[in-house]
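Note sheet for the following structure.
Taken together, the values in this text are just the output of simple stated rules run on the coordinates, not laboratory data. Note that the structure is a prediction, hence the values are computed from the model and not measured. For neighbour counting, all protein chains shown are included, and Cβ atoms are generated from backbone atoms with ideal geometry for every residue, glycine included.
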Amino acid sequence: MKPDDIHRAIGILREETRAWRTPSVTVVAEASRSPFKVLISCIISLRTKDEVTTQSSARLFDRAPTPEAMEGLPAEEVARLIYPAGFYRTKAEQILEISRRLVAEYGGRVPDSLDELLAFRGVGRKTANLVLTLGFGKPGICVDTHVHRICNRWGYVATKNPDATEMALRALLPPEYWIEINDLLVAFGQNLCHPVSPRCSICRLSDLCSRVGVAQSR
Ligand code: SF4
């Protein structure tokens with residue numbers, strides 16, 4: 001894919017993804033406009049199916065919608081509320097630690113800088129960028145496994161890991177697409193450009209895509 005092709009690619013993705021389910025963290029963000037809920041649901045979502053994330057987040061936020069309410073809960077209760085999210089016991093500890101620090105160090109508010117967010121245990125670049133983009137509407141590029149895989153398949157970037165993809169996209173991707181690229185490519189990756197055997201025969205991006213590393217497709 002040539003750099004200028006990105007405008008056509010985004011236009012097609014916007015049309016295609018309208019029919020697909022919105023990723024769970026975006027559902028939380030749109031419903032709440034709360035950086036705290038985006039942060040916590042993003043932690044719940046790691047290695048967890050979208051349906052589970054949506055339900056676990058709803059149960060937890062019904063009980064504790066703020067850091068102040070969350071920090072008072074016992075770890076076993078947080079774990080029970082987010083079960084069966086992957087690593088639910090570890091995540092319960094992380095959620096409580098984050099909530100305590102937010103209350104003690106930030107007056108119960110989530111910081112809106114990448115560096116401060118990355119200083120919390122359990123918060124990586126993907127989560128920090130999602131909090132900035134979905135929670136605060138600030139510029140950031142959230143690169144997860146779908147964004148990394150698809151941008152490399154297109155031949156838009158040539159990188160070895162998601163962090164390198166984020167850096168390459170920061171240099172290459174027009175800023176107007178930074179926030180939405182994650183939602184578009186997560187939906188596209190879950191529904192069409194699958195990790196194994198993508199559905200290239202029905203893909204409207206096939207004439208733009210170099211299919212780098214695609215050994216098997218449908
Ligand atoms: S042509 Fe295949 S590899 Fe390329 S974006 Fe479409 S589904 Fe993915």
Notebook entry, point to check: So which helices (runs of 4 or more DSSP H) are wholly in segment 31-124 and hold at least 1 residues that are of a type in the set (S, T, N, Q) and closer than 29 Å to Ala187 by Cβ?
Noted result: 35-45, 50-63, 88-106
Checklist line | Boolean, Glu16 is among the charged types (D, E, K, R) and farther than 17 Å from Val147 by Cα | finding: no
Notebook entry, point to check: Do you know which residues across segment 41-67 are in contact (Cβ under 8 Å) with a residue 24 or more places away in the chain and loosely packed, with under 14 Cβ neighbours inside 10 Å?
Noted result: Arg47, Glu51
Next item on the list: Scan segment 167-189 for residues that are farther than 19 Å from Trp20 by Cβ, among the small types (Gly, Ala, Ser) and surrounded by 14 or more Cβ atoms within 10 Å (Cβ to Cβ) and jot them down.
Entry: Ala168
Note to self: Among the residues of segment 190-206, are any surrounded by 19 or more Cβ atoms within 10 Å (Cβ to Cβ), among the small types (Gly, Ala, Ser) and either within 16 Å of the ligand (Cβ to nearest atom) or at negative phi (or both)?
What the structure shows: no
Item checked: Cβ-Cβ under 8 Å pairs, at least 6 apart or on other chains, segment 107-126 side without any contact (Cβ under 8 Å) to a residue 12 or more places away in the chain, far side in a loop (DSSP other than H, G, I, E, B) and not acidic (Asp, Glu) -> Leu118/Gly124
Check: Could you give every pair whose Cβ atoms fall below 7 Å, whose first residue belongs to segment 143-171 and is without any contact (Cβ under 8 Å) to a residue 40 or more places away in the chain and within 18 Å of Val186 (Cα to Cα), and whose second residue is outside any helix (DSSP H, G or I) and within 15 Å of the ligand (Cβ to nearest atom), counting only separations of at least 6 or pairs across chains?
Finding: Cys151/Val157; Thr165/Val157; Leu169/Val157
